[in-house]
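Asks: Right, I'll just put the structure down here and ask away after.
The values are calculated or read from the model by the stated rules, or taken from the named source; none is laboratory data. For clarity, every value in this text was computed on a predicted model and none was experimentally measured. So basically every Cβ, Gly included, is an ideal-geometry build from the backbone, and we count neighbours across all protein chains shown.
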Ligand code: DGJ
């Protein structure tokens, strides 16, 4: 008799286990969550024995199962993992396992399981791959190939794929859902709902994740927070259309209660598989943690930081010209700005929108990626020389996937514009989308951008994408075809090719601010522009949620003007500086309009950034779980626990007068710490008389506090005025 140990397989890493049973005709998931220890014969048997649910009244006579590719055949009435049809037939898939391959490299270091299925109903061969990395992140990939020979009854009729979802089962204690929404200048706005019956579906059909991207769908135990609760979360590493779902049927999901899943959002007819055609679904990343959202974040950050391509050199302080000069490009004016930037310690200049042909406003020129001869009679060379003469890097803004109808490119190639042959839909920000999946349009872009990078030895591209895709169809003689999938793959190819040709080139993903932030594009870019909003009140919140997935060294954060250009709110310099410090810092303010006293403070901030970036760009992100959402406590703690920097921010007043004892997360309760309140960037104004006594002392110099008091008992923090923030510098005593 086969022992369970032969058919039950487990991947284990970093406290996480994923356990499958290789059953016929289709494997079932026995467990995803906490590590159950070594997979002994008795654990394997117990898991397998308990994998069957009750057979309910008025239900299929065989208890419903929940497999790796759930189908109606197994009694699954929820959203299917694979949906499609071959001319209206082959709609009830019955994948049957034909091969499996398990690789477990070393004890507790993750591993992979590959499962291959043939489906005689749909004629689809599916390969499903699970890879658990050393940090406990489970990546799920699948590839589908149409094989006419598998389904003689359908023969070579093409299969129209409606959707592929990576699905994972959840236990009954996952009772709440957290995900994100947002808009321009308010990206990654969290929303929480109870996990009720039915389908919580988040679909993004904007040709990109969008400002309202679901971003990370986290389900968890009641009241889960940053530092507590058990969480099962998913992120789709894909920059096109997408679907996330959390689904709960009354009959459960096999022995589990509900389901979490994600996959590409496909338009009807977008993927038609003829005999031999293949579809690769984007990677879905599933993350489990039993120490709250910060635990999920830690796993994702470790995964990203372990990539060979992860930026490792110190992240240079940036000056981006956008809010300083907008379209007013002028060598003299920009030279003055660059000189001021150099004085304060900027290390990289990024020339934003407005440098190319015809681009005097946001209504013309997109597509004409040649330097504008009227504005730059001698090209960009003189500007690049000024930048380099100050020892700084030179970066340039581009928006390659877009086109203005008022451009030479659109005039020469009207058919390159993505949209129906019956006529283009309305413009958005005066622009349309270039069909970059066309080989000729792709070749043009590659030649142009490659040429610019080579000609000016460009170190950095800010890659923008300002509008949503609507009616994104490629025109053809026989009709128009949905093209978001192909457009997304063409973008990836373009980025990959540019990086191959220019190994030192860094690229920032921007999309009207933070409209295209996902781990698909971050495999090909080095920084995200989190938002166009430099107002620190908004920015603290946008960034702390962006950090749930993206580590601080990859998040751009800029000092803006006192009166925010996007919200018209006025804020103090100190608040703006503190907020921009704890990411990949930069400046967008017009430094030529800043007085000497302020410039000195900005220069000091730049030196503080250089002092702290080693910690900020490698440390563990933590967040306080606070009852008062008028405040936020965010921190970055060195991986060895020897140092940390916290930001205590207040947005508006609260009815509570005191903070109460606030727990400072992430420190070692058994160590002692020297704590300093850093007021080098200006003193945050207070909404109180005197500070708590320990804070008064910590402003003057280090105060030694035990880790147990800091992390467990908590400490009172000052009641700040609205729109203020304070930096708390913590070092392990005798570290
Ligand atoms: C939108 C971006 O988010 C801004 O930072 C800026 O680059 C503008 N586009 C330029 O058009």
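Asks: Go through the range 437-454 and give me each residue that's closer than 23 Å to residue 395 by Cα, out of contact with any strand residue (DSSP E or B) (no Cβ under 8 Å at 6 or more places or on another chain) and touching a residue at least 24 places away in the same chain (Cβ under 8 Å).
Replies: Hits for the range 437-454 are 442, 444, 446, 448, 450, 454.
Asks: If you don't mind, there's one more thing I want to ask. Based on what the data block shows, is residue 381 more than 15 Å from the ligand (Cβ to nearest atom) and in contact with a helix residue (DSSP H, G or I) (Cβ under 9 Å, 6 or more places away or on another chain)? Before the answer, list the steps.
Replies: On the way: more than 15 Å from the ligand (Cβ to nearest atom): yes; in contact with a helix residue (DSSP H, G or I) (Cβ under 9 Å, 6 or more places away or on another chain): yes.
Taking the combined requirement at face value, the residue satisfies it.
Asks: Hey, can you tell me all the residues within the range 555-576 that are touching a residue at least 40 places away in the same chain (Cβ under 8 Å) and within 16 Å of the ligand (Cβ to nearest atom)? Spell out how you get there, then give the answer.
Replies: At the first step, the residues of the range 555-576 found to be touching a residue at least 40 places away in the same chain (Cβ under 8 Å) are 556, 558-561, 565-567, 569, 571-576.
Selection gives 556, 558, 559, 560, 561, 565, 566, 567.
Asks: Among what's in the range 359-374 and is more than 14 Å from the ligand (Cβ to nearest atom) and out of contact with any strand residue (DSSP E or B) (no Cβ under 9 Å at 6 or more places or on another chain), pick the residue that is nearest to residue 401 (Cα to Cα).
Replies: The extreme case among them is 373.
Asks: Do we have any residue at all in the range 157-176 that's in a strand (DSSP E or B), under 26 Å from the mean Cα position of the chain (by Cα) and either without any contact (Cβ under 8 Å) to a residue 12 or more places away in the chain or farther than 30 Å from residue 515 by Cα (or both)? Break it down stepwise before answering.
Replies: First, pick out the residues of the range 157-176 that are in a strand (DSSP E or B): 159-164, 166-170, 176.
From what's left, under 26 Å from the mean Cα position of the chain (by Cα): 162-164, 166-170, 176.
If we keep only those that are either without any contact (Cβ under 8 Å) to a residue 12 or more places away in the chain or farther than 30 Å from residue 515 by Cα (or both) as well, we get none.
No.
Asks: Then there's this: Which number in (1) surrounded by fewer than 23 Cβ atoms within 10 Å (Cβ to Cβ); (2) out of contact with any helix residue (DSSP H, G or I) (no Cβ under 7 Å at 6 or more places or on another chain); (3) part of a loop (DSSP other than H, G, I, E, B) marks the one condition that residue 567 misses?
Replies: (2)
Asks: Can you name the residue in the range 711-735 that is over 31 Å from the mean Cα position of the chain (by Cα) and crowded, with 18+ Cβ neighbours inside 10 Å and is also nearest to residue 637 (Cα to Cα) among such residues?
Replies: Filtering first and then ranking leaves 732.
Asks: Inspect all residues belonging to the range 12-20 and state whether any of them is surrounded by 14 or more Cβ atoms within 10 Å (Cβ to Cβ) and at pLDDT below 95. Reasoning before the result, please.
Replies: Going residue by residue through the range 12-20, those that are surrounded by 14 or more Cβ atoms within 10 Å (Cβ to Cβ) are 12-20.
Retained after the next criterion (residues that are at pLDDT below 95): none.
No, that holds for no residue.
Asks: Let me ask another. Please go through the range 393-403 and pick out each residue that is more than 14 Å from residue 334 (Cα to Cα) and either touching a strand residue (DSSP E or B) at 6+ places or on another chain (Cβ under 6 Å) or away from the ligand (no atom under 11 Å from the Cβ) (or both).
Replies: Residues of the range 393-403 that are more than 14 Å from residue 334 (Cα to Cα), as a first pass: 393, 397-403.
Correct list: 393, 397, 398, 400, 401, 402, 403.
Asks: Which of the residues belonging to the range 476-488 are assigned to a loop (DSSP other than H, G, I, E, B) and either surrounded by 20 or more Cβ atoms within 10 Å (Cβ to Cβ) or within 16 Å of the ligand (Cβ to nearest atom) (or both)?
Replies: 483
Asks: A further question on this structure: Can you name the residue in the range 708-732 that is assigned to a strand (DSSP E or B) and in contact with a helix residue (DSSP H, G or I) (Cβ under 7 Å, 6 or more places away or on another chain) and is also farthest from residue 613 (Cα to Cα) among such residues? Can you show your working first?
Replies: So the first thing to find is which residues in the range 708-732 are assigned to a strand (DSSP E or B), and the list is 715-716, 720, 724-732.
Subset that is in contact with a helix residue (DSSP H, G or I) (Cβ under 7 Å, 6 or more places away or on another chain): 715, 724-725, 727.
On the way: 715: 26, 724: 22, 725: 19, 727: 14 Å.
By that ranking, first place goes to 715.
Asks: Then there is this: Could we say that residue 276 is touching a helix residue (DSSP H, G or I) at 6+ places or on another chain (Cβ under 9 Å), in contact (Cβ under 8 Å) with a residue 24 or more places away in the chain and within 16 Å of the ligand (Cβ to nearest atom) here? Full working, then the answer.
Replies: Details: touching a helix residue (DSSP H, G or I) at 6+ places or on another chain (Cβ under 9 Å): yes; in contact (Cβ under 8 Å) with a residue 24 or more places away in the chain: yes; within 16 Å of the ligand (Cβ to nearest atom): no.
No; evaluated as a whole, the condition is false for this residue.
Asks: Could I ask something else about it? Looking for something surrounded by 22 or more Cβ atoms within 10 Å (Cβ to Cβ), more than 16 Å from the ligand (Cβ to nearest atom) and assigned to a loop (DSSP other than H, G, I, E, B) - is there at least one such residue anywhere in the range 418-426? Walk me through how you get there before you give the answer.
Replies: Here is the first cut: in the range 418-426, the residues surrounded by 22 or more Cβ atoms within 10 Å (Cβ to Cβ) are 418.
With the extra rule that they be more than 16 Å from the ligand (Cβ to nearest atom), the set shrinks to 418.
Narrowing further to those that are assigned to a loop (DSSP other than H, G, I, E, B): 418.
Within the range 418-426 (the criterion being surrounded by 22 or more Cβ atoms within 10 Å (Cβ to Cβ), more than 16 Å from the ligand (Cβ to nearest atom) and assigned to a loop (DSSP other than H, G, I, E, B)), the answer is yes, since at least one residue qualifies.
Asks: From 337, 331, 317, grab the single residue that is surrounded by fewer than 21 Cβ atoms within 10 Å (Cβ to Cβ) and modelled with pLDDT of 95 or more. So that I can check it myself, show each step before the final result.
Replies: Numbers: 337 fails: surrounded by fewer than 21 Cβ atoms within 10 Å (Cβ to Cβ); 317 fails: surrounded by fewer than 21 Cβ atoms within 10 Å (Cβ to Cβ).
So the residue among 337, 331, 317 that is surrounded by fewer than 21 Cβ atoms within 10 Å (Cβ to Cβ) and modelled with pLDDT of 95 or more is 331.
Asks: So which of 83, 109 ends up being modelled with pLDDT under 95, surrounded by fewer than 20 Cβ atoms within 10 Å (Cβ to Cβ) and under 29 Å from the mean Cα position of the chain (by Cα)? So that I can check it myself, show each step before the final result.
Replies: On the way: 83 fails: modelled with pLDDT under 95.
109 is the lone residue from the list that is modelled with pLDDT under 95, surrounded by fewer than 20 Cβ atoms within 10 Å (Cβ to Cβ) and under 29 Å from the mean Cα position of the chain (by Cα).
Asks: Are any residues in the range 93-106 surrounded by fewer than 21 Cβ atoms within 10 Å (Cβ to Cβ) and under 18 Å from residue 127 (Cα atoms), and if so, which ones? If you could, list the steps in order and put the result at the bottom.
Replies: We begin by selecting, within the range 93-106, every residue surrounded by fewer than 21 Cβ atoms within 10 Å (Cβ to Cβ); these are 94, 96-106.
Residues satisfying the conditions are 94, 96, 97, 98, 99, 100, 101, 102, 103.
Asks: With 27, 95, 70 as the choices, which residue is closer than 23 Å to residue 152 by Cα and in contact with a strand residue (DSSP E or B) (Cβ under 8 Å, 6 or more places away or on another chain)? Walk me through how you get there before you give the answer.
Replies: Numbers: 27 fails: closer than 23 Å to residue 152 by Cα; 70 fails: closer than 23 Å to residue 152 by Cα.
Of the residues listed, the single one that is closer than 23 Å to residue 152 by Cα and in contact with a strand residue (DSSP E or B) (Cβ under 8 Å, 6 or more places away or on another chain) is 95.
Asks: Would you tally the residues in the range 523-541 being within 13 Å of the ligand (Cβ to nearest atom) and within 25 Å of residue 309 (Cβ to Cβ)? Before the answer, list the steps.
Replies: Here is the first cut: in the range 523-541, the residues within 13 Å of the ligand (Cβ to nearest atom) are 527-534.
Narrowing the set further to residues that are within 25 Å of residue 309 (Cβ to Cβ) leaves 527-531.
Residues that pass the stated criteria total 5.
Asks: Answer yes or no as to whether residue 451 is outside the structural domain of residue 204 (by TED's automatic domain parsing) and over 26 Å from the mean Cα position of the chain (by Cα). Quick ask: steps written out before the conclusion?
Replies: Values: outside the structural domain of residue 204 (by TED's automatic domain parsing): yes; over 26 Å from the mean Cα position of the chain (by Cα): yes.
It is true that residue 451 is outside the structural domain of residue 204 (by TED's automatic domain parsing) and over 26 Å from the mean Cα position of the chain (by Cα).
Asks: Just to verify a result, which residue in the range 489-522, among those that are part of a helix (DSSP H, G or I) and buried (at least 20 other Cβ atoms within 10 Å of the Cβ), is farthest from the ligand (Cβ to nearest atom)?
Replies: The extreme case among them is 490.
Asks: If you don't mind, another one. Which pairs do you get when a residue that is on the phi > 0 side of the Ramachandran plot and touching a residue at least 24 places away in the same chain (Cβ under 8 Å), found in the range 338-358, comes within reach of a residue that is within 16 Å of the ligand (Cβ to nearest atom) and assigned to a helix (DSSP H, G or I), reach meaning Cβ atoms under 8 angstrom, with the pair 6+ apart or on two chains?
Replies: Between residues of the range 338-358 that are on the phi > 0 side of the Ramachandran plot and touching a residue at least 24 places away in the same chain (Cβ under 8 Å) and residues that are within 16 Å of the ligand (Cβ to nearest atom) and assigned to a helix (DSSP H, G or I), the close pairs are 354/325.
Asks: Same structure again: Are any residues in the range 79-120 more than 30 Å from residue 306 (Cα to Cα), out of contact with any helix residue (DSSP H, G or I) (no Cβ under 7 Å at 6 or more places or on another chain) and not in a loop (DSSP other than H, G, I, E, B), and if so, which ones?
Replies: Narrowing the range 79-120 to residues more than 30 Å from residue 306 (Cα to Cα): 79-99, 117-120.
So of that shortlist, the ones also out of contact with any helix residue (DSSP H, G or I) (no Cβ under 7 Å at 6 or more places or on another chain) come out as 79-91, 93, 95-99, 117.
Across the range 79-120, the qualifying residues are 82, 83, 84, 85, 86, 89, 96, 97, 98, 99, 117.
Asks: Within the range 456-475, can one find any residue that is over 30 Å from residue 584 (Cβ atoms), away from the ligand (no atom under 16 Å from the Cβ) and over 29 Å from the mean Cα position of the chain (by Cα)? Break it down into steps so the answer makes sense when it comes.
Replies: Start the filter on the range 456-475 by keeping residues that are over 30 Å from residue 584 (Cβ atoms), which leaves 470-475.
With the extra rule that they be away from the ligand (no atom under 16 Å from the Cβ), the set shrinks to 470-475.
After this cut, where a residue has to be over 29 Å from the mean Cα position of the chain (by Cα) as well, the list is 475.
Yes, the conditions are met somewhere in the range 456-475.
Asks: Test residue 361 against the stated conditions and say whether it is surrounded by fewer than 20 Cβ atoms within 10 Å (Cβ to Cβ), touching a residue at least 24 places away in the same chain (Cβ under 8 Å) and over 27 Å from residue 610 (Cβ atoms).
Replies: yes
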